[in-house]
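**Q** One structure is given below, represented as structure tokens, and several questions about it will come after.
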């Protein structure tokens, strides 16, 4: 399992690095004002509707059932089930795409009510959203084929195809003079990326003998079970799907640049989350599904505990760094070109708040696998609905009660993630489904020590290195110093406590 995690994590890291380059180019060219806010609202659609109809439902609702059929050797039945799910999703996507294109002005009024006061910004957002929305239907095939590849333990292609979106956007941004403005260049890059991803994953799956056949959607017992799970999972994925829309609504009512600040803060937060936390969850769910289908509960529990401990070991130090030097990070990375220092500091307040919830955001997928691997999608939905309600209440209190602005939006997200993890843990433990083993408890003290040491060393490194370079390069020097000392401190603590950590053969 650890080798599979490294495979997924490695390609996901490459995706995050290309995404990092894309975001730096976006910041340089779009800045932190009207145009960037318009693009990032339009960009919400492919990202979040994909979470509803893509990974958010395919992994929890489709993958465990498909994996169970494969584990029992019922390959023909698994293929028919995959084709049926695909046909229904395509039918839904066509209807959704048509409705979205026609009613986009009304959708933008609901999603970004604050934009209505500026007709230019509103019209630009509507136009950009109509360009980006078709990306969703293009990635539908990629998402389902990725789940099927993960089931047969072919993880590399599913982790690699996200790079193509980033590379396509970089290409169109470089050629921005061929478009009305840079925002249009980025939007068309999204659409081009969808086409490239579809071609790539179809090729990769065909090499493994995996294909999806489109037919007239037909109702069956398996499809009924899938749609019941789909409904529950859609609610259960609310923290990923609903809350970004809530954040967009709130940010549209805050000063110009707030939506952009949230985007860039979240992108930095997503770097460790996507590479480490989500990679672990991606590998864990099919692993638990296969083991439970074979009656190996002990093996399933052990895999989950190792994943949870590894997740904390890899994400808590990042959380400490985001809390210690958020301003240094945002200024060094994004304060160039049209993205000024004030915009970077606004994003830094959101990054610190997001950092407080980073470990929980990674743990949610791992703890939720307790239920998804057993085909129980209702329990995670109950936990998520409760967390969403509390999340929204907290955001309203933080933003308008305490006047925290974008930091209040991010802090509400962070606390909501911890509430979600707490509820899932309580549900699983009370039903004797979630076993907290001694190995996990033993790993917690060194994990906490590693996080504290990394955060403190990063702060010291930034303080010592800042004077080494002049002017605007000061923050670059500070970030380099923070990375150097933080990495050394983390590595030293991990080495000292290696036998208590879930490092496998690396602990020897």
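**Q** Report the Rg/Rh value for region 353-508, based on alpha-carbon coordinates and the Kirkwood definition of Rh.
**A** Using Cα coordinates only, the ratio equals 1.08.
**Q** In nm, to one decimal, how far is the modelled label at residue 94 from the one at residue 298, with both set 7 Å along Cα→Cβ?
**A** 5.2
**Q** Here is a further query. Please report the relative contact order for region 2-436, taking Cα pairs under 8 Å with a sequence separation of at least 6, and give it as a percent rounded to a whole number.
**A** 23
**Q** State the extension gain, in nm to one decimal, for the chain segment bounded by residue 340 and residue 382, taking 0.36 nm per residue of separation less the distance between their alpha-carbons.
**A** Extending this stretch completely gives an extra 10.9 nm.
**Q** Where in region 430-446 does the label zone of residue 496 land, with the point 7 angstrom along Cα→C-beta and an amide N cut-off under 11 Å?
**A** 446
**Q** If R₀ is 51 angstrom, what is the calculated FRET efficiency for the pair residue 216 and residue 444, using the beta carbon separation as r and rounding to 0.05?
**A** Using R0 = 51 Å, I get an efficiency of 0.45.
**Q** While we're on this one: On alpha carbon coordinates alone, what is the Rg over Rh value for region 443-508, Rh being the Kirkwood radius?
**A** When Rh is taken as the Kirkwood radius, the ratio is 1.15.
**Q** Sticking with this one: Based on the Cα atoms of region 267-410, what semi-axes does the equivalent ellipsoid have, where each is the square root of 5 times one gyration tensor eigenvalue, given in whole Å with the largest first?
**A** 34, 19, 11
**Q** How many percent of Cα pairs in the chain exceed 43 Å?
**A** Tail fraction, whole percent: 13.
**Q** Something else about it: Output the Kirkwood hydrodynamic radius of region 110-226, Cα pairs only, in Å rounded to one decimal.
**A** 16.5
**Q** While we're here: So if each residue of separation counts as 0.36 nm, and I subtract the Cα-Cα distance between residue 74 and residue 488, what length gain in nm does that give?
**A** 144.1 nm
**Q** Oh, and also: Could you work out [θ]222 nm for the chain from helices alone, using -39500 (n - 2.57) per DSSP H run of at least four and dividing by all its residues? Round to the nearest 500 deg cm²/dmol. List each step's numbers first, then the result.
**A** Values: 21 runs with 393 residues, N = 508.
Value at 222 nm, helices only, nearest 500: -26500 deg cm²/dmol.
**Q** In whole percent, what relative contact order does region 408-508 give with Cα contacts below 8 Å and a gap of six or more residues?
**A** Worked out over region 408-508, it gives 25 percent.
**Q** Let me ask you something else. So how much slack lies between residue 152 and residue 473, counting 0.36 nm per residue of separation and subtracting their Cα-Cα distance, in nm?
**A** 110.8 nm
**Q** Among 427, 226, rank each residue by its count of other Cβ atoms within 10 Å, from fewest to most, as a rough exposure measure.
**A** Lowest to highest Cβ neighbour count: 427, 226.
Just so you know, all these numbers are worked out from the coordinates, no wet-lab data involved. Everything quoted here is computed from the prediction, not taken from an experiment. As a convention, Cβ positions derive from the backbone with ideal geometry for all residues, glycine included, and neighbour counts pool all protein chains shown.
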